[in-house]
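One structure is given here, and the rest of the page talks about it.
The values are calculated or read from the model by the stated rules, or taken from the named source; none is laboratory data. Being a predicted model, the structure only gives us computed values, none of them experimental. Because the Cβ atoms are built from the backbone with ideal geometry, glycine has one as well, and the counts that use them run over all protein chains shown.
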Amino acid sequence: MINAVIVEDSELARLELINLLQAYPDINIIAEAEDVASAIEVISTTSPDLVFMDIDLPGGNAFDVLAKLELVPALIFTTAFDKFALDAFEFNTVDYLLKPLKKSHLDRALAKLNANNQDEQLKSSEHALSANSQFFIKDGDKCWLIKVNEVRFIEAIGNYSRVYFSTHSPMHYSSLQKISKRLPETQFFRINRQQLVNLQYVTKIEPWITGGLRLTLSCGQELDVSRRQANHFKQLMSL
C-alpha cells in the first residue's frame, strides 16, 4: 500500500484526481492540503510515501513547500504549467503531469513509481550496511576505509555529504538521503534537514529554545534536533 497526500488548491481538481485514483487500489489517500502552510503541516506530520502536488498554491508554490520539508517524499506534479518541469526534477520527482489529467497519464506515472520502488528495494537489500560494515571514502588525495560504528554524524553539503569520524571530516560524493537509506535505521537518525546522527555518540539531550532539542555528542559537538523531528526523536529514545 502506498500512502499518498494530494496538494491542490482547487476542490474540483482534488475530487477529479481522487476519482481517477480509485482505479489504483494500492494508492491510499491519507490527507489533502490546499495551500503552502497546510501542505507543509500535512506532509510533515503524515510522512507519506507519495505526494500529488500542484505547482501554484495559495501562499506561494510547490517549491516553497519542498524547501521546508525535512524529508521529501516521492512526487508526482499535477499542474497546468509546463515551464516548471526542469525545476521540478531537481527534487524526488517521479513524473510531471499536465492538466487535464487522464488515466493514461497516471498509468505512466505510477508505473514509473513502482519501477523506482523495486530498484530502491533491490539496491537497499544488496548494499545495506550494518554497524560493523566498512565503506570507502576518497576526498582529494586522501582515502579512508571507515567502519559505520565510527561515524558520529553526517552533514549535507549541497548534493554531497561530509562524514565526521575520529578527527576527520572528508567529503563524500553522495547525497545525505542516499546515504541514510544504507545505514542501520536503529542506529542513525535524521535530526534535521542537514544532519544525520549516530545515536550511540549522544551523551546529553536537552530542550532547546527553537522548540526542538539540543544534543551533545561524546566529542563535545552540539547538534540541534529540529522542532518537527523532536517528537520522532523522543519516541525513538523513549523520552
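When Arg228, Arg182, Arg193 are checked against the criterion of being over 27 Å from Glu41 (Cα atoms) and outside the structural domain of Lys68 (by TED's automatic domain parsing), a single residue qualifies: Arg182. For the range 21-34, the set of residues classified as surrounded by 15 or more Cβ atoms within 10 Å (Cβ to Cβ) and either acidic (Asp, Glu) or touching a residue at least 60 places away in the same chain (Cβ under 8 Å) (or both) consists of Leu21, Ile27, Glu32, Glu34, listed by residue number.
Scanning the range 1-35 for residues that are closer than 18 Å to Thr79 by Cβ and either outside the structural domain of Thr46 (by TED's automatic domain parsing) or assigned to a strand (DSSP E or B) (or both) yields a total of 6. In the set Tyr201, Tyr173, Tyr160, only one residue is under 26 Å from Gln134 (Cα atoms), touching a Leu at 6+ places or on another chain (Cβ under 9 Å) and at pLDDT below 90; that residue is Tyr160. Within the range 83-97, residues that are farther than 13 Å from Ala62 by Cα and not assigned by TED's automatic domain parsing to the domain that holds Ser175 sit with their Cβ atoms under 6 Å from residues that are surrounded by fewer than 16 Cβ atoms within 10 Å (Cβ to Cβ) and basic (Lys, Arg), at 6+ positions apart or across chains, in these pairs: Val94/Lys112; Asp95/Lys112. One residue stands out among those in the range 151-191 that are of a type in the set (D, E, K, R) and not in a loop (DSSP other than H, G, I, E, B): the one that is nearest to Leu69 (Cα to Cα), which is Arg190. Looking only at residues of the range 54-83 that are acidic (Asp, Glu) and part of a loop (DSSP other than H, G, I, E, B), we find that the one that is modelled with the highest pLDDT is Asp54.
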